[in-house]
Amino acid sequence: MNAPAAPARLGHDRPLRVAIIGNPNTGKTTLFNALTGLRQRVGNFAGVTVERVEGAFTLGDGRRVTILDLPGSYSLTVGSPDEQIALEVLLKRDASHWDPDVVLVVVDAVHLDRNLFFASQVCELGLPVVIALNQIDVAKSQGITIDIPELIHELGVPVIPTVASRGEGLAPLRNALFTAAALPAPTSRFAIDASAETSLARHKWIGEVVERTVTRRARSLDTPSDRVDAIALHRVGGPLLFLVIMALVFQAVFSWAAPLQDAIESLVLAIGHRVGEVLPEGDLRSLVVDGVFAGVGSVLVFLPQIAILFGFIGLLEQSGYMARAAFLMDGLMRRVGLHGKSFIPMLSGYACAVPGIMATRTIEDPKDRLATILVVPLMSCSARLPVYTLLIGTFIPALPLIPGLDLQGATMLLMYLLGTVTALAIAALFRKTLLRGPVRPMILELPPYRWPAPQSLLVSVWQRCQVFLRRAGTVILSLSIVLWALATYPRAPADATRTAEQQQEAQLVHSALGRFGKAIEPAVAPLGYDWKIGVSIVASFAAREVFVSTMGTIYGVGGEDDAALADRLRTETDSSGAPVYTPLIAVGLMVFYVYALMCMSTIAVTVREAGGGRIGWRWATIQFVYMLALAYAAAWLVLVIGRALGFS
């Protein structure tokens, strides 16, 4: 392995480039967010689907820095795609030619001996290095004292103590990055571990360094983390606590978001009315009001709920509880043939299936990894949230069940549990048939509990909200315009004997959208759906939340933008006067969306992560077909069983 060439001296025309890297659970992302704040942009590494987050900051004297957040790694001996990408950047072989001037290695002060193995490897690459000795406050609270000057002497690189969650040590760290860029690269002690002898020599040297630099006093056996874990990891109390936390999260999604939702809906309607008053009567006004505002606006109202959901997920991750949840689930995961590490990607799937599938790279066994990839999309992602929220809020009453939980929150929880339980069952089926093989034991590091950093939490929520807003401004906007055109043309003949509502319905039926809907109606009729629901389902194969915008566009045509979509759904009737939407239909539709794979991005990442090329497409096809068949069968069973029990 050849080391990269020494960095050229910086000019004044470009910022300093810093690659930030470290072991998982060192606080790397928290430090990255603390340094860059909201000045971040999210994309993918060139040629792969691994998420790439790049941020920036400027010192008071005008010096600029851009930071690339590399995937967490345990070693430069490549064992996963994430580690391969990190190594390519550090060796200046990245396809986008993002060559770092300095490497910032984040080290956990509590586990210095464990983290120094990777940090020392990075020091062998011939690049200037700065080490952020993070969580120094936690180390002190546990009786760990680190002689930082001696550690600097031993490593030959700047070492800056930091507390990323509180923003401590950021100023000297920023200055150290520029200082390091002007210094020679650290002296190489070992070759990159290509042999057992080299690895043993490195471990021996690390032990000597820790012995000279770290002092530990006797640690209490009853720390706050231990007391919390006595409950959180209890064989009975732990799972119950996890279930209670999830129930509170989904109840909060409804109760906390309601005022903000009402405000956004009022704002969208007010702007729509104002624009409608300014624009002359005609197709342009109809496009803007009935197409753009009815379509995009109907989805934007769910932004507060998505922000709350991501906020809770970030809170659980940064506090250290998510790792406990994975530990609790290890026994269950092994019973269904999955590795305990599979639960972390599945939990990530609650936010979005795409990063959830990418997170399977931490699973070493190919069959474990592939089985996890195939079931991650069954976890209810944030794109399903607008669908659930619309249908639950419209047709499920807010009847109190227990303190802090009503029927709406319980229904939401049920949808998430349904996807999770089914994912485990399908995974067991795959592991006993197409992906048969032994299950490896799990080794999982439980990070100490810590208070989440407010700024880091805010940044992570804002990043995900930006993704949602970009989808609303691109995919959903584009489809809303297309659907408006399909619902508007060809024009139905005017009939003075019709009411405005009858003319609107006649226009929809006569339009290209109506004709397409009528053509596919026989396929969805067994589920109790009309052609409008069928059209909305087909449109949402681009992205699940498009279902809501499609319904908004369909019911916005005709100028009745002042009626909320929920009210339109409650009052919608068929030709016989019977309601089209009932609680039973709403539940069946939610169950359909629990199972159906309606996300082109998920299909694309499955193709790549499952092997690419023909192999990747084969597994992606299996994934799409089994999920669609499951969705159709489950929705049909809900309707049949519900009617047999007397529900409407």
Practice task
Answer yes or no: is there a residue in the range 403-420 that is in the same structural domain as Leu347 (by TED's automatic domain parsing), within 17 Å of Asp365 (Cα to Cα) and in a helix (DSSP H, G or I).
Solution key: no
Practice task
Check the range 354-363 and report whether any residue there is hydroxyl-bearing (Ser, Thr, Tyr) and touching a residue at least 12 places away in the same chain (Cβ under 8 Å).
Solution key: yes
Practice task
May I ask you to say which residue of Thr77, Thr66 is in the same structural domain as Asp147 (by TED's automatic domain parsing) and modelled with pLDDT of 90 or more?
Solution key: Thr66
Practice task
List the number of the failed condition for Ala56; all other conditions in (1) within 24 Å of the chain's Cα centre (by Cα); (2) buried (at least 20 other Cβ atoms within 10 Å of the Cβ); (3) at pLDDT 90 or above hold.
Solution key: (2)
Practice task
Starting from the range 258-286, take each residue that is under 21 Å from Phe302 (Cβ atoms) and touching a residue at least 60 places away in the same chain (Cβ under 8 Å) and list its partners that are in a helix (DSSP H, G or I) and of a type outside the set (Asp, Glu), counting only C-beta distances under 7 angstrom and pairs at least six apart or across chains.
Solution key: Gly272/Val289; Gly272/Phe293; Gly272/Gly297
Practice task
Answer with yes or no whether Ala263 is over 23 Å from Met415 (Cβ atoms) and at pLDDT 85 or above.
Solution key: yes
Practice task
Go through the range 323-342 and give me each residue that's buried (at least 20 other Cβ atoms within 10 Å of the Cβ) and either outside the structural domain of Ser382 (by TED's automatic domain parsing) or not hydrophobic (A, V, I, L, M, F, W, C) (or both).
Solution key: Arg324, Gly337, His339, Gly340, Lys341, Ser342
Handout entry: Residues satisfying the stated conditions in the range 484-521, i.e. surrounded by fewer than 15 Cβ atoms within 10 Å (Cβ to Cβ) and part of a loop (DSSP other than H, G, I, E, B)
Key = Tyr489, Pro490, Arg491, Pro493, Ala494, Asp495, Ala496, Thr497, Arg498, Thr499
Exercise for the section: Give me a count of the residues in the range 597-642 that are at pLDDT below 95 and more than 25 Å from Asp365 (Cβ to Cβ). Expected result: 4
Practice task
Taking the options Gly311, Gly297, name whichever one is outside any loop (DSSP other than H, G, I, E, B), of a type outside the set (Ser, Thr, Tyr) and more than 19 Å from Met346 (Cα to Cα).
Solution key: Gly297
Problem - the range 159-173: number of residues that are surrounded by 20 or more Cβ atoms within 10 Å (Cβ to Cβ) and more than 22 Å from Glu211 (Cβ to Cβ) - result: 7
Exercise for the section: Kindly check whether there is at least one residue in the range 605-619 that is among the β-branched types (Val, Ile, Thr), more than 30 Å from Pro490 (Cβ to Cβ), assigned by TED's automatic domain parsing to the domain that holds Gly276 and surrounded by fewer than 16 Cβ atoms within 10 Å (Cβ to Cβ). Expected result: yes
Practice task
For the range 93-100, state whether one or more residues are within 26 Å of Thr179 (Cα to Cα) and modelled with pLDDT of 90 or more.
Solution key: yes
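Listed here are the residues, each with its yes/no results for (1) touching a helix residue (DSSP H, G or I) at 6+ places or on another chain (Cβ under 9 Å); (2) assigned to a loop (DSSP other than H, G, I, E, B).
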site	(1), (2)
Asn175	no, no
Pro186	yes, yes
Asp193	yes, yes
Arg235	yes, yes
Gly238	yes, no
Leu241	yes, no
Fill in the blank from the handout: Only one of (1) of a type in the set (A, V, I, L, M); (2) modelled with pLDDT of 85 or more; (3) farther than 30 Å from Ala164 by Cβ does not apply to Ala494, and that is (2)
Practice task
Look at Gly320 and say whether it is in the same structural domain as Leu378 (by TED's automatic domain parsing), under 20 Å from the mean Cα position of the chain (by Cα), buried (at least 18 other Cβ atoms within 10 Å of the Cβ) and at positive phi.
Solution key: yes
Exercise for the section: Quick one: which residue in Ala496, Ala487 is touching a residue at least 60 places away in the same chain (Cβ under 8 Å) and small (Gly, Ala, Ser)? Expected result: Ala487
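The values are calculated or read from the model by the stated rules, or taken from the named source; none is laboratory data. Here the structure is a predicted model, which is why all the values come from computation and not from measurement. We place every Cβ from the backbone using ideal geometry, glycine too, and count neighbours over all the protein chains shown.
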